[in-house]
Amino acid sequence: MTWFSSTHLHPLPAIKKRSHRSRIKLKKRHERKEMRRRVVELKEEMEEISEEQKMIKEGQRQVGEKLEAIEEECEQLRKETDAIIRQSAHTQLRLAVMFQILKAREENDFTRAAQLTLLLREIIATSR
């Protein structure tokens, strides 16, 4: 048998097949390893995203609470402003009647002054 005989060359394809199979196995093993690594990476990313979402939700809750507190304070200020406006209107009315009383007395119109005085007493009584 010569060195180049067909029987001698025959084992080479078998070796190539094994080598090819072993390369396929290595490639698959590498792919599985890479896939596991990527899965771990994705899980870590998902955990980070989950934490960020929790932080966002907490921030939104805090903003909501602050907004509610501001709205309550705004409503309270509206009520106080309305009370001040009403009080100011009553004060204006009392001052106007007092001025008319003084004017009636100056003009010696004591009947009118007495009527205005009664009116002023009623205004004061109803404003309490």
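The values are calculated or read from the model by the stated rules, or taken from the named source; none is laboratory data. Keep in mind that this is a model prediction, so the values were computed, not measured. Virtual Cβ from ideal backbone geometry, glycine too; neighbours counted across all protein chains shown.
A compact table of results
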| read-out | value |
| --- | --- |
| Flag for Ala104 being surrounded by 10 or more Cβ atoms within 10 Å (Cβ to Cβ), small (Gly, Ala, Ser) and modelled with pLDDT of 95 or more | yes |
| Qualifying residue in the stretch 54-61 (condition: under 30 Å from Ile123 (Cβ atoms), under 23 Å from the mean Cα position of the chain (by Cα) and modelled with pLDDT of 95 or more) | no |
| Meets criteria (surrounded by 12 or more Cβ atoms within 10 Å (Cβ to Cβ) and assigned to a helix (DSSP H, G or I)) for Leu77 | no |
| Filter result for Thr117 (of a type in the set (Ser, Thr, Tyr), exposed (fewer than 11 other Cβ atoms within 10 Å of the Cβ) and either assigned to a helix (DSSP H, G or I) or touching a residue at least 60 places away in the same chain (Cβ under 8 Å) (or both)) | no |
| Residue check, Thr111 loosely packed, with under 10 Cβ neighbours inside 10 Å and more than 34 Å from the chain's Cα centre (by Cα) | yes |
| Residues (among the charged types (D, E, K, R) and modelled with pLDDT of 95 or more) located in the stretch 65-89 | Glu65, Lys66, Glu68, Glu71, Glu72, Glu73, Glu75, Arg78, Lys79, Glu80, Asp82 |
